[in-house]
Amino acid sequence: MGDNMVDVAENLTQFKTDLPDHVTLVAVSKTKPVSAIESAYATGHRDFGENKVQEMVSKAEALPKDIHWHLIGHLQRNKVKYIAPFVHLIHAVDSFKLAKEINKRAKQNNRTIDCLLQIHIADETSKFGLNYDEAEALLKGEELAALDNISIKGLMGMATFTEDQEQIKREFKGLEAFYERMKNATASLANCSFETLSMGMSGDYALAIECGSNMVRIGSTLFGARN
Ligand SMILES: *Cc1c(COP(=O)(O)O)cnc(C)c1O
């Protein structure tokens, strides 16, 4: 246990006990030290999420190679090359240009990189994420279909930061419906195989799972509050 008295292993084990089997837990370790990840790793956990490239790269260097690293934050094109050799899943693809760069770097590393499109579902203004129309156009476009070294595994979304449960539910339900529609629409595409709907954080994961999420990204509940 670290100075902050958070027992990561205990929190993680408890959290997983309550999690349905079909839901993958991404333990969001951003801002937390390598030692906290080691505590979680010791319980057998392998999926960790970071939102900054630099931090993910240095942690990946310091930790066992069988960790599945999830890049959950905004990704700048000029930083793709640093994570391309090892990243497990990129959750926040929000433009064709970014997809194209990921494809290029994946090819250089002789691999296919799994990606999710980030959809902007919150009513907050944010520079990040595609709206439904943009995402649909991208998924149905010939340009994306030509990228052989990426695999679009599904979608990611973040609900509005609000106490209004009905609003959060509406946003998650909307994304689930869109996910199902796009899953069908892309079924014949070689580089799309929808299986992951990444929705839900510490404050709203239960509702997200109710609304069809099968991947939750949990930070503070496991690792304690961030500064
Ligand atoms: C930080 C972060 C999380 C985890 O948030 P918590 O509220 O600490 O669980 C999940 N998803 C994204 C995209 C994040 O940036």
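Every number here is computed from the coordinates shown, using simple stated rules; none is lab data. Remember, it's a predicted structure, so these values are computed and weren't measured experimentally. Every residue, glycine among them, receives a Cβ derived from its backbone with ideal geometry; neighbour counts consider all protein chains shown.
With Cα atoms defining each centre, the range 135-174 and the range 19-85 are spaced 21 Å apart in the structure. Arranged from fewest to most other beta-carbon atoms within 10 Å of their beta carbon, PHE86, PHE223 become PHE86, PHE223. The trypsin sites (Lys or Arg not before Pro) found in the range 56-111 that occupy coil by DSSP, while having at most 11 further C-beta atoms within 10 Å, are LYS65. Rg and Dmax of the range 32-99, based on Cα coordinates, read 12.1, 38 Å.
Which value, in debye to the nearest 20, describes the size of the charge dipole of the chain about its Cα centre when Lys and Arg Cβ atoms bear +1, Asp and Glu Cβ atoms bear -1, and nothing else is charged?
1000 debye
For the range 134-180, the share of alpha carbon pairs falling in successive 5 Å distance bins from zero is 4, 17, 22, 19, 14, 11, 7, 4, 1 percent. Here the spin labels are modelled as points 7 Å beyond Cα on the Cα-Cβ line, and at LEU189 and ASP164 they lie 3.2 nm apart. The loop-placed chymotrypsin sites (Phe, Trp or Tyr not before Pro) in the range 125-188, going by DSSP, that have at most 16 neighbouring Cβ atoms within 10 Å of their Cβ come out as PHE128, PHE161.
Amide H contacts under 5 Å for HIS68: ASP47, PHE48, restricted to partners 5 or more places along the chain or on a different chain, H placed in the peptide plane at 1.01 Å from N.
Nearest 5 percent is fine: what portion of the DSSP beta bridges confined to the range 51-203 is antiparallel?
Antiparallel bridges: around 0 percent, rounded to the nearest 5.
Taking a sphere under 13 Å around the Cβ of ARG77 and counting the other residues whose Cβ falls inside, with K and R at +1 and D and E at -1, yields a net charge of +4. Think of the chain as having a plus end and a minus end, set by charges on the Cβ of Lys, Arg, Asp and Glu; of ILE209, LEU138, PHE172, LEU138 sits farthest toward the positive end of this dipole. In the chain, the ratio of gyration radius to Kirkwood radius, Rg to Rh, stands at 0.95 when only Cα atoms are counted.
Computed from the C-beta positions of LYS173 and SER202 and an R0 of 22 Å, the FRET efficiency is 0.65 to the nearest 0.05.
Calculated [222 nm] ellipticity per residue, helices only, for the chain: -11500 deg cm²/dmol; basis is -39500 (n - 2.57) per DSSP H run with n ≥ 4, divided by all residues, nearest 500.
In the range 1-70, a dipole from Cβ-located charges (positive for Lys and Arg, negative for Asp and Glu) runs towards its positive end, and of ALA40, HIS68, HIS22 it is HIS68 whose Cα lies farthest in that direction.
Just the number: Rg to Rh for the range 136-227, Cα atoms, Kirkwood Rh, two decimals. Mind dumping the intermediate values first?
Details: Rg = 15.1 Å, Rh = 14.4 Å.
So for the range 136-227, dividing Rg by the Kirkwood Rh gives 1.05.
Put a dot 7 Å past the Cα of VAL23, heading toward its Cβ, do the same for GLU61, and the two dots end up 3.6 nm apart.
When you filter the GluC sites (Glu not before Pro) in the range 146-227 for DSSP loop state and at most 11 other Cβ atoms inside 10 Å of their Cβ, you are left with GLU163.
The charge dipole of the range 103-179, taken about its Cα centre with unit charges on the Cβ atoms of Lys, Arg (+1), Asp and Glu (-1) only, comes to about 540 debye.
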